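See below for the structure under consideration.
Read the figures in this text as sums done on the coordinates, not as results from a lab. Given the structure is predicted, the values throughout are model-derived calculations rather than measurements. For neighbour counting, all protein chains shown are included, and Cβ atoms are generated from backbone atoms with ideal geometry for every residue, glycine included.
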Amino acid sequence: MMNDVHEKVQASHLKRNAYLYVRQSTLRQVFENTESTKRQYGLRQRAVALGWTEERVIVIDTDLGQSGASTDREGFQRLVSEVGMGHAGIVLGLEVSRLARNSMDWHRLLEICALTATLICDEDGVYDPAHFNDRMLLGLKGTMSEAELHVLRARLQGGILNKARRGELEMPPPVGLVYNSDGALVLDPDRQVQCCLKWLFATFARTGSARATVKAAQDEHLAFPRRCLRGAHKGELLWGGLDHSQVLRVLHNPRYAGAFVYGRYRTRRSVDGLTRVQRTPRDEWLTLIPGAHEGYISWDEYERNELRLRESAQAIGADRRRGPPREGPALLQGLVLCGRCGMRMTVRYHSRLGGLCPEYACQREGIQHGGTVCQVVPGAGIDQAVGELLVEAVNPVALEVTLAVQCELQSRFEEADHLRHAQVERAQYECELARRRYMRVDPDNRLVADSLEAHWNEKLRALSEAHEEYSRCREQDTRVLTNEQRNVILALASDFPRLWRDPGTSDRDRKRMVRLLLEDVTLNRDEQISLQIRFKGGANRTLLLPLPLRSWQLHVTPSAVIDEINRLLDDHTAQEIAVILNTRGMTSGAGASFRSQLVARLVRDYRLKPRYDRLRERGLLTLQEMVDVLQVTPTTVKIWLRRGLLRAHAYSGKNECLYEPPGDNAPRKAPGTKLSLRCLDGKLLSDRAKEVQYET
Ligand SMILES: [Zn+2]
């Protein structure tokens, strides 16, 4: 055997390094199975015995604590690449089959070893994979090792499944539940943990929404426990803010309802080597035993919560977040990014004036942590503007211009090509000239020869650059369009606006068209809405849109009407103004006709100067003032007014009025008489009897 070994180890092997690969699958093995690790390191002595010097033995132990089944073992990758580059003379490992635990990796390593004449060594001996016998033996060892792993796993898995079917399998309990000394699952004796979970279930029962629960926790500054699942602090509780996904995890977990379940999740290995955890539907769970242990809620409550969550998921539509275009009218669904934080924005709808009105909202962060929504942008104006932009961008005229430019460039191609080729010829000539000069010089004249050689080299470089430039430009210019392609493009262009405006085109199809043309749209809401639109081809456009009017703004009375009311107030009462406005066909903001109350309210709301004040400013007097001026009783003033002896202007609908100051012609109480009146035509009425006479 020893002879055989020394035949295999050649001087060529000893010139290269020896690689010792050390691995333990799990961290626990690293700590507990130290004997095996010691044996693995002991192989180093074996490499020395075979003739490698200490410093030529390189230990690769970066994969300690990583399972052989995992694909991202850095150390193993390094080993393969060192072998592949021919740096390795020998690879040592405790059982060689441990090098790679999946047989594909193992056979690949053998093949590379054979190609690079690398030996393999384990505790049993030294193998040369280039020899058929050795290679078969090694292959067999790998297959055995894989089979062993399979049997082991099957046995373990079988045991686990049997226990799970009986509901006796111990699994890491969710936070709030712990195993007691008898192995039964009970509520966590920690009062604070218990209270937190009870609060969560009660709050969800009250609000009916996971998001509201997060918000309530946020408002009350509650800290929530979660269990650390891996790392040095495994099993310990961490306290922090409650987030949306945690609430959902707690609500969906049947263990809180006292049920034993197994098989809620399934792990799948994907092509890229990553494992994905998938949730399985309830009818595929392996075991579900309600009432298996204590819980925070009853099974009925759990079912009720599930139903509520499902309903609100349909209403709010988590599925609207991503994926293919859906039926809703929001044109940019799935394409909008938030201009403030960069997250993808979601769509929500509300009904307005009998139709669905989209709104783009950046709310994911707000939902997850119970904070405020980042921004909400009304969508109707945006969709319309984007639609118009697309129709404008894809119209026949614009494309015709582009194609014409392309044609023009093509026609100049020959000319340009000729010029560029002349450039190459010139470089060629100069290069030839430099070569001849160099050839002609006396080789002994080193000074001249050196400088001419440098000159020639320079010309050679220039020539190759000219060649490259020429072929690059030529390739660029020859990308020409055939007539057929041209026609197809133009036909599409004229079809697009027609299709876009066709009322028969569904929202979903329209959204598909948008997705073909646009990469994404970034929205930002400020004093106005700004849209950064990225087209598929890389072109960018920025649009600025005014913020749409709020609903109360839609009902505002036009300012022209207010101005008119202001003007009419000088000469008319509210009643009269209402009539005037109605005859002119003016309406209020809500579209109603005017009445005196409405006019009075507008005067008040818009702080127009009231008619009373205007009249007072013009010097008109109140009844009391008239009484004082005329030295008569109020009743007399009113009678005189009725008789037309005085002038007054009404300022309200209740016949209240202000009086024009009495002029020279105004009736007076003549001195000495009991009562005398001077009517407007100059006659004097001295008492009531005369008054009657005057009347007749
Ligand atoms: Zn945002």
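Side notes on the structure shown:
- Placing dummy labels 7 Å off each Cα toward the beta-carbon, the span from Arg304 to Glu656 is 6.0 nm.
- Vicinal HN-Hα couplings computed from phi for the stretch 283-294 (Karplus, 6.51 cos²θ - 1.76 cosθ + 1.60; Hz; Gly/Pro x): 6, 9, 5, 6, 9, 9, 10, x, x, 6, 7, 5
- Subtracting the Cα-Cα distance of Asn487 and Ser351 from their residue separation scaled by 0.36 nm leaves 44.6 nm.
- Among 163-172, 594-603, sorting by the average number of other beta carbon atoms lying within 10 angstrom of each residue, highest first, gives 594-603, 163-172.
- Packing-based order for 182-188, 566-572, 206-212, using average beta carbon neighbours within 10 Å, highest first: 206-212, 566-572, 182-188
- Computed [θ] at 222 nm, deg cm²/dmol, the chain (DSSP H ≥ 4; -39,500 (n - 2.57); rounded to nearest 500): -15500 deg cm²/dmol
- Binning the C-alpha pair distances of the stretch 395-542 at 10 Å intervals from 0 yields a P(r) profile of 9, 19, 20, 16, 13, 11, 8, 4, 1 %, listed from the shortest bin outward.
- Which of Gly537, Tyr470, Ser506, positive extreme of dipole for the stretch 457-560 (C-beta unit charges): Ser506
- Global form of the stretch 218-304, assessed from the alpha-carbon gyration tensor, a/c cut-off 1.5: oblate
- Which listed pairs, of Lys511/Lys536; Lys8/Lys141; Lys141/Lys234; Lys163/Lys198, have C-alpha distances above 26 Å, in listed order: Lys141/Lys234; Lys163/Lys198
- Given charges at beta-carbon only (K, R positive; D, E negative), |dipole| of the stretch 103-199 in Debye: 620 debye
- Packing-based ranking, highest mean first, of 634-645, 379-390 given that Cβ atoms within 10 Å are counted: 379-390, 634-645
- Cα-based shape type of the chain, given that a ≥ b ≥ c are square roots of the gyration tensor eigenvalues and the cut on a/c is 1.5: oblate
- Length-normalised contact order of the chain in % [C-alpha pairs under 8 Å, at least 6 apart]: 6 percent
- In a simple Cβ point-charge model (Lys, Arg +1; Asp, Glu -1; nothing else charged), the chain has a dipole of about 3000 debye relative to its Cα centre.
- The stretch 213-287, relative contact order [Cα under 8 Å, separation at least 6], %: 21 percent
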